Every structure is written in C-alpha cells, then in structure tokens.
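Right, one structure below, let's go through it.
Coordinate-derived values only; no laboratory data. Since the model is a prediction, treat every value here as computed from it, not as a measurement. Reconstructed Cβ throughout: ideal geometry from the backbone, glycine too, with neighbour counts over all protein chains shown.
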Amino acid sequence: MNRLVRLVFAFVVLMVCAHAASADDRARARTAFRAGSQHYNLGEFQQALDSFREAYRKYEDPSFLFNIAQCERQLGHKRDAVREYRAYLNNADNAPNRESVKETIAQLQKEIDADDERARAASAKHAEPPPPATVTPAVATPAAPVLVAAAPPPAEHKPAYKKWWVWTIVGGVVAAGAATSLAIVFTRNGPAPRVTTSLGTASPF
C-alpha cells in the first residue's frame with residue numbers, strides 16, 4: 001500500500017513538473033512571439049523570423065509556422081516560404097486560411113519556375129561557344145607603276161657648215177671686208193660716208 005502511494009505521489013509530481021515546464025516554455029514562446037510581431041510590424045523581417053523560430057521551438061504551435069513562412073516570403077526566400085506554408089497546412093488541419101495559403105503557394109511556385117527558366121536560359125547562353133570569326137580574304141592591291149625617267153635622246157651632231165651662227169660670222173666678216181674696201185675707195189675719191197653694218201656702226205674717227 002505504501003508503495004502504491006509512493007508511485008502515485010511520484011506520478012503527480014512528474015505531472016506537476018511537466019505542466020510547470022510546459023507553462024514556462026509557453027510563456028517563453030509567448031514572449032518570443034510578441035517580439036517577432038513587433039519586428040514584423042516594423043519591417044524587420046529577419047529579426048521577426050528569428051523570434052518566430054524561437055517561439056516555435058518553445059511551443060510547437062502551427063501558427064508560428066505560418067508566421068515563419070510570411071517572414072521568408074518578405075525576405076524573398078521563395079523556396080523556404082513555400083516549404084513553411086506547406087508545413088503549416090500539414091500541421092493545421094482546421095486552418096481557417098487554407099485556401100489563401102494555397103493560392104500564395106501557387107503564385108510563389110510560378111515565380112520560382114520563371115526564375116529557374118531565366119537561370120537556365122542565361123546558363124545556356126554563356127555555355128554556347130562564340131560564333132566563328134568571319135575572315136575577310138585579303139584583296140591584292142595592284143602595285144603602283146614605277147615611273148622611270150627616260151634618258152634624253154642624244155643631241156644630233158651637225159657639221160660646222162650646217163650651224164647658223166657659223167654663217168652669220170662669215171657673212172659679217174664678208175660685209176666688213178666690203179665696207180673696208182669701200183672706205184678705201186671713198187677715201188681716195190673724197191670724204192667717206194658713215195657706214196652702218198650688221199655688226200655695229202663704223203666710224204672714221
């Protein structure tokens with residue numbers, strides 16, 4: 001009998017301790033939840049995410065999973081948000097916002113698929129080898145003609161009797177001789193007139 005009493009007493013103590021521990025964890029979860037709500041309302045989504053995670057670790061209520069998903073979506077972590085939204089629906093059988101959460105998941109999945117498609121296109125574009133360079137055949141440029149100065153033709157050698165200046169001198173000499181003869185004749189017969197020749201003016205003085 002005493003043994004049975006001791007067992008019952010031990011069970012009651014354990015229940016009280018468990019309840020106390022549960023109440024303590026729940027209180028801590030409530031504190032973390034309040035901090036997370038404040039951060040979320042201030043747009044401090046990373047701090048809110050940390051606080052909601054701490055609240056869920058202390059007290060596994062599905063509503064904390066929804067809050068975590070909201071923070072992940074605000075931070076642009078689309079895949080993480082989808083995972084947390086689905087965890088929320090799996091753990092909250094009677095979730096009042098189930099349909100809106102499903103719509104949010106569908107929208108995020110479309111965005112994820114579009115992002116993946118753009119990433120694949122960009123990767124394929126970088127992986128494609130560059131087109132071969134077009135080689136333009138060189139066009140031979142005709143060489144500029146080389147101009148060579150031709151040597152002047154040799155001067156034609158004319159004999160002395162064909163040169164005009166020889167005959168000019170001869171004519172002048174003949175005329176001078178004739179004038180002299182006339183001067184002699186006129187000197188003998190009277191005053192000599194002034195004579196002009198092709199070589200200049202002759203003067204008696």
For region 50-74, how many residues meet the condition of being among the aliphatic types (A, V, I, L, M) and more than 45 Å from the chain's Cα centre (by Cα)? 2
May I ask you to say which residue of 81, 106, 87 is surrounded by fewer than 13 Cβ atoms within 10 Å (Cβ to Cβ) and either within 45 Å of the chain's Cα centre (by Cα) or closer than 24 Å to residue 38 by Cα (or both)? 106
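Is there a residue in region 59-69 that is more than 16 Å from residue 33 (Cβ to Cβ) and out of contact with any Asp or Glu (no Cβ under 8 Å at 6 or more places or on another chain)? I'd like the intermediate steps shown before the answer.
Looking only at region 59-69, we keep the residues that are more than 16 Å from residue 33 (Cβ to Cβ), and these are none.
No, region 59-69 has no match at all.
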